[in-house]
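S.K.: Before I ask anything, here is the structure I am working with.
Read-outs throughout are calculated quantities, based only on the coordinates presented, and are distinct from any laboratory measurement. The shown structure was predicted, so the numbers you read here are calculated from the model rather than taken from an experiment. So basically every Cβ, Gly included, is an ideal-geometry build from the backbone, and we count neighbours across all protein chains shown.
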Amino acid sequence: MAAPSRPLGWCMPDEVDAHKATWMAYGASSAIWPRAQVAQLQLALVRIANAIAAYEPVNMLVRPADMQAARQLLDAKVTLIAAPLDDLWMRDTGPVFVRNAHGERACVGFNFNGWGNKQEFGHDRQVAALVAAQAQLPLLATTLVLEGGALEVDGQGTAIITESCVLNRNRNPGWSRADCEAELQRLLGIRKVIWLPGIKNMDITDAHTDFYARFVRPGVVVAHREMNPASYDYALTRQHLEILQNATDADDQPLEVIAIDGPGQIRPGHNPKTFAAGYINYYASSQAIFLPEFGDAQADAHTKAQFAQLYPGRAVVQINIDPIAAGGGGIHCTTQQEIS
């Protein structure tokens with residue numbers, strides 16, 4: 001059960017607010033990934049980091065043994081920081097950055113446990129504290145266990161969260177919705193949670209929110225719509241859409257919900273059953289939107305045009321992330337914004 005909450009005045013801002021930096025982890029290794037995939041994963045991380053570095057500072061955690069190779073591949077503007085790592089998913093292992101009404105910043109560490117003890121996490125459980133120390137910010141403690149990919153917020157007190165992830169016995173046994181909501185209000189300023197059902201045990205994350213629904217801005221949500229009727233996500237994404245279309249935010253205002261269709265095809269050589277073929281797992285900054293492309297020329301171009309309309313005045317940068325998507329992740333999963 002949750003500890004009694006005490007108002008701290010902290011708020012998790014909208015992702016598109018100004019960033020001081022983007023944090024990433026050059027973490028792929030043969031201890032977890034098939035050896036043949038490691039080099040391709042590292043190159044995909046390089047593509048993402050170099051694209052973001054054109055717009056804002058990037059801090060990359062790197063194992064000491066990989067430092068020389070990473071430096072050769074990464075843009076000189078990317079700052080490399082030596083750190084022990086298990087894997088590459090900075091969204092989940094890194095801290096969540098928050099701010100209070102006085103402009104003070106802090107980090108929240110949500111006790112990463114390998115997505116419910118599904119993977120080795122001895123090094124990655126320390127990443128939130130390491131990043132907080134590097135950023136010279138206090139790390140706020142909690143007993144709540146979750147990953148950053150489970151949290152989607154509008155910066156005004158509304159969150160979208162999947163029950164299958166956060167209200168899961170492999171993370172938070174005995175916690176109720178109310179317990180979780182109280183703790184998120186204390187730490188992140190969340191006044192209302194829109195709960196999506198998600199689905200357990202179909203991927204390592206138990207269905208993170210950032211594959212299904214994202215706030216473009218307060219009151220506007222984009223939601224993934226799976227187009228393959230044979231996929232378990234086909235019915236689930238339509239259920240999520242219906243919930244969001246009937247939901248209201250923390251100020252009791254209805255949401256505008258835009259469905260974003262997944263691609264009709266992916267490049268050859270990947271297993272479509274495990275490939276994360278969705279555009280929702282993008283990364284947003286105040287100057288640019290970093291969006292995946294999957295080799296479906298029509299769908300990729302259409303989605304880029306959609307996001308150009310959704311985020312006027314921002315560049316829309318598309319990146320081939322196939323090795324990461326083949327492992328069930330996306331651009332958002334590999335990044336964590338440090339707020340200004």
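S.K.: Only residues of region 72-104 count here: report those whose backbone N is under 11 Å from the spot 7 Å along Cα→Cβ of Ala133, or say none.
M.R.: 83-84
S.K.: Report the label-to-label distance for Arg267 and Glu242 in nanometres (one decimal), using points 7 Å from each Cα along the Cα→Cβ vector.
M.R.: It is 3.7 nm.
S.K.: Continuing with this model, one more query. What are the ³J(HN,Hα) couplings of region 36-47, residue after residue, when phi is run through the Karplus curve with 6.51, -1.76, 1.60 and θ = phi - 60°? Round to Hz, x for glycine and proline.
M.R.: Along region 36-47, the couplings run 5, 8, 4, 4, 5, 5, 5, 5, 5, 4, 4, 4 Hz.
S.K.: Hey, rough spin-label estimate for Gln37 and Ala308, points 7 angstrom out along Cα→Cβ, what's it come to in nanometres?
M.R.: Each label point lies 7 Å from its Cα, and together they span 3.4 nm.
S.K.: Along Cα→Cβ, 7 Å out, is where each label goes; now give me the distance between the ones at Ser286 and Asn201 in nm to one decimal.
M.R.: 4.6
S.K.: Name the residues whose placed amide hydrogens come within less than 5 Å of the amide hydrogen of Glu152, ignoring near sequence neighbours (fewer than 5 apart) on the same chain.
M.R.: Result for Glu152 returns Ile160.
S.K.: Quick one, which of (1) -0.51, -0.71, -1.11; (2) -0.64, -0.81, -1.13; (3) -0.33, -0.53, -1.14 is the actual log10 I(q)/I(0) by the Debye sum over Cα atoms at q = 0.08, 0.10, 0.14 Å⁻¹ calculated for this model?
M.R.: Correct label is (3).
S.K.: For the residues His102, His302, what sequence is obtained by ranking on other C-beta atoms within 10 Å, fewest first?
M.R.: Least to most surrounded, the residues fall as His102, His302.
S.K.: Report the full-extension gain for the segment Ser340 to Lys118: residue separation times 0.36 nm, less the Cα-Cα distance, to one decimal in nm.
M.R.: The span from Ser340 to Lys118 would gain 76.6 nm if fully extended.
S.K.: Beta carbons within 10 angstrom, averaged per residue: use that to sort the peptides 291-300, 147-156, highest first.
M.R.: Sorting 291-300, 147-156 by mean packing, highest first, produces 147-156, 291-300.
S.K.: Please give the peptides 323-335, 274-286 ranked by average Cβ packing (other Cβ atoms within 10 Å per residue), highest first, as a rough proxy for protection. Show your work: numbers first, answer last.
M.R.: Numbers: 323-335: 25.2, 274-286: 22.5.
By packing density, highest mean first, the sequence is 323-335, 274-286.
S.K.: Between Ala301 and Lys20, what length comes free when the chain is fully extended (0.36 nm per residue of separation minus the Cα-Cα distance, one decimal in nm)?
M.R.: Computed gain between Ala301 and Lys20 is 98.1 nm.
S.K.: To the nearest 20 debye, what is the magnitude of the charge dipole of the chain about its Cα centre, counting +1 on the Cβ of each Lys and Arg and -1 on the Cβ of each Asp and Glu?
M.R.: The calculated dipole for the chain is roughly 500 debye.
S.K.: Further question on the same structure: Got a sec? How would Lys20, Lys192, Lys273 order by Cβ neighbour count within 10 Å, fewest to most?
M.R.: Placing the least packed residue first, the sequence is Lys273, Lys20, Lys192.
S.K.: Per residue of region 88-102, in order, report the coupling 6.51 cos²θ - 1.76 cosθ + 1.60 (Karplus, θ = phi - 60°) as ³J(HN,Hα) in whole Hz, putting x for Gly and Pro.
M.R.: Per residue, the Karplus-derived 3J(HN,Hα) values read 9, 8, 4, 4, 8, 8, x, x, 9, 8, 10, 9, 10, 5, 8 Hz.
S.K.: Now, a different point. Checking the table Lys20/Lys192; Lys118/Lys200; Lys20/Lys304 against a 19 Å threshold on Cα-Cα, which pairs fail? Don't skip to the end; give the middle numbers.
M.R.: Working: Lys20/Lys192 27 Å; Lys118/Lys200 13 Å; Lys20/Lys304 26 Å.
Over 19 Å apart, Cα to Cα: Lys20/Lys192; Lys20/Lys304.
S.K.: Starting at the first residue of region 307-320, write each ³J(HN,Hα) from the Karplus equation 6.51 cos²θ - 1.76 cosθ + 1.60 with θ = phi - 60°, in whole Hz, x for Gly and Pro.
M.R.: Along region 307-320, the couplings run 6, 5, 6, 5, 10, x, x, 10, 5, 10, 10, 9, 9, 6 Hz.
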